[in-house]
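Here is the structure we will look at, set down as structure tokens.
Readers should treat all values here as calculations from the given coordinates under stated rules, not as data from a laboratory. In this text, all values refer to a predicted model and were calculated from it rather than measured experimentally. FYI the Cβ positions are ideal-geometry reconstructions off the backbone, even for glycines, and counts take in every protein chain you see.
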Amino acid sequence: MALTGNLRINGDRLWDSLMDMAKIGPGLRGGNNRQTLTDEDAEGRRLFQSWCEKAGLTMGVDTMGNMFFHREGTDPDALPVYVGSHLDTQPTGGKYDGVLGVLGGLELIRTLNDLNIKTKHPIVVVNWTNEEGTRFAPAMLASGVFAGIHTQDWAYAREDAKGKTFGDELERIGWKGDENVGARKMHALFELHIEQGPILEIEGKDIGVVTHGQGLWWLQITLTGKDSHTGSTPMPMRRNAGLGMARITELVHTIAMAHQPSAVGAIGHCDVYPNSRNVIPGKVIFTVDFRSPDIKTLNAMKAELEEKAPKIAKELGLEIEIEEAGHFDPVTFDEGCVTAVRNAAERLGYSHRNMISGAGHDACWVNRVAPTAMVMCPCVGGLSHNEDEEISKEWAAAGADVLLHAVLETAVIET
Ligand SMILES: [Zn+2]
């Protein structure tokens, strides 16, 4: 069979599966609370397993609980092409973040079964454990262990807010497998995901061809001044750490604006001490978040902040401490896989644009060990990590169609 634009997945069936999965771990406002390694996560996994086995796939589970469902290829020596994402959600998450990529992979398999299409390379659908990182930080934990970023022992020791460990909870829900994590070799991996930003919807594009993932620097800054009475401390005598943070907030924005269009910066977290209405803040701890797909830009933003923020502190009589609190290198996805995604959109007649992923994804880690690319579809208002997250059936179907074609081009259709 030839790869033509007529070859499409079943959009209704994909949508029905998305809605069925969303019944597990329902949120309070129509979204989902299916956090990793909870009973709801286990139930979602069992439903996914039953669907995959019904589609004739065989399951493997590794020691991090990553689930792999295998469809045979015709060449016993060919490495599999992987598709997938994650089924876990934020505590107040949506129905599509991650889930679309997993169930889009399953729908692709169901379509191949319907049409009796065989491929040279096997195809494997994957559900990565704990992508969200809300219950057990950091995000993309299990794909990170798979790719050799973290050790498994370190991952097992991660604790949730109640002091329960990842390792114990994985065992408790019954999804600790016996395959060595990271032992699998991949021909390629494709991840379909909602954009989680507004660009595709605003521009009326069906598909984002993801070429890069942003790198990130988190810098934790502590400014120390003197807490004193807001009413009786003369202005020239104040050592106001809150004012220092305000000026550094402006500085972060100015630095990011100077590196447009592909840099962002903000301060999203701050703790003010003593945080009282009539006390000048004596100490403020806050985190700067800089991101860019270009490592030089990313490091230049960090360097500029490290040079200028201490000057601001000095002017205001404040002490400053800057600590590195997190870092990812930018990701450049595999050219061959990215081209397969773009070819797929072209062949199917979907409008598309190149995109940079603003968020982290499992594919960003897997890209370290296998050729990888991502497909994005729009989401309403760019809203995600929110129960109101919404996409249309047509957007989901278009994304899964592109996934199907990119996978088939890479896994090679047998006639
Ligand atoms: Zn996600």
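Dipole check for the chain: with +1 at the C-beta of Lys and Arg, -1 at the C-beta of Asp and Glu, and the Cα centre as origin, the magnitude is about 720 Debye.
When the chain is treated as a GNM with alpha-carbon contacts under 10 Å, the residue of Glu132, Glu169, Glu107 showing the greatest mean-square fluctuation is Glu169. Seen through its C-alpha gyration tensor, with square-root eigenvalues sorted a ≥ b ≥ c, segment 133-200 comes out oblate because a/c lies at 1.5 or above while a/b is not bigger than b/c. Each peptide among 317-330, 189-202 gets the average number of other Cβ atoms lying within 10 Å of its residues, and from highest to lowest they stand as 189-202, 317-330. Segment Asp20..Ser262, full-extension length gain: 83.3 nm, with 0.36 nm per residue of separation and the alpha-carbon distance subtracted. For the chain, adding -39500 (n - 2.57) for each run of n ≥ 4 DSSP H residues and dividing by the number of residues yields -10500 deg cm²/dmol at 222 nm. Each peptide in 2-10, 232-240, 116-124 gets a packing score, the mean of other Cβ atoms within 10 Å over its residues, and the list from highest to lowest is 116-124, 2-10, 232-240.
Relative to the longest principal axis of the Cα atoms of the chain, the long axis of helix 99-114 lies at roughly 10 degrees.
Counted by neighbouring Cβ atoms within 10 Å, the residues Leu28, Leu223, Leu170 run from fewest to most as Leu28, Leu170, Leu223. Bridgeable lysines around Lys302 (alpha carbons under 21 Å apart, same-chain partners fewer than 8 residues away excluded): Lys311, Lys314.
Note on Glu315 and Glu335: the extension gain reaches 2.3 nm, defined as 0.36 nm multiplied by sequence separation minus the Cα-Cα distance. The residue list Ala42, Gly65, Thr111 was ranked by how far each Cα lies along the charge dipole of segment 42-153 toward its positive end, using unit charges on Cβ atoms, and Thr111 comes out on top. Each listed q (0.10 Å⁻¹) maps to a log10 I(q)/I(0) for the chain, found by the Debye formula over equal Cα scatterers with no solvent: -0.70.
Taking every Cα-Cα distance in segment 54-194 and sorting them into 10 Å bins starting at zero, the pair-distance distribution P(r) comes out as 12, 40, 33, 12, 2 percent.
Ignoring lysines fewer than eight residues from Lys95 along the same chain, the ones with Cα atoms less than 21 angstrom from its Cα are Lys23, Lys393. Compute the long axis of helix 39-54 from its Cα atoms, compare it with the longest principal axis of the Cα atoms of the chain, and write down the angle in degrees, 0 to 90, nearest 10. Compared with the principal axis, the helix lies near 20 degrees. Relative to the longest principal axis of the C-alpha atoms of the chain, give the angle of the C-alpha long axis of helix 295-315, reported between 0 and 90° and rounded to the nearest 10°. Tilt of helix 295-315: around 20 degrees. Look at the dipole of the chain built from charges on Cβ: of Tyr350, Ala370, Trp217, the Cα furthest out on the positive end belongs to Trp217.
Summary of packing: across the peptides 206-219, 265-278, 338-351, the per-residue average of other C-beta atoms within 10 Å ranks them, highest first, as 206-219, 338-351, 265-278.
Ranking Val181, Thr249, Leu383 by Cα position along the charge dipole of the chain, where only Lys, Arg, Asp and Glu carry charges on their C-beta atoms, puts Thr249 farthest toward the positive end.
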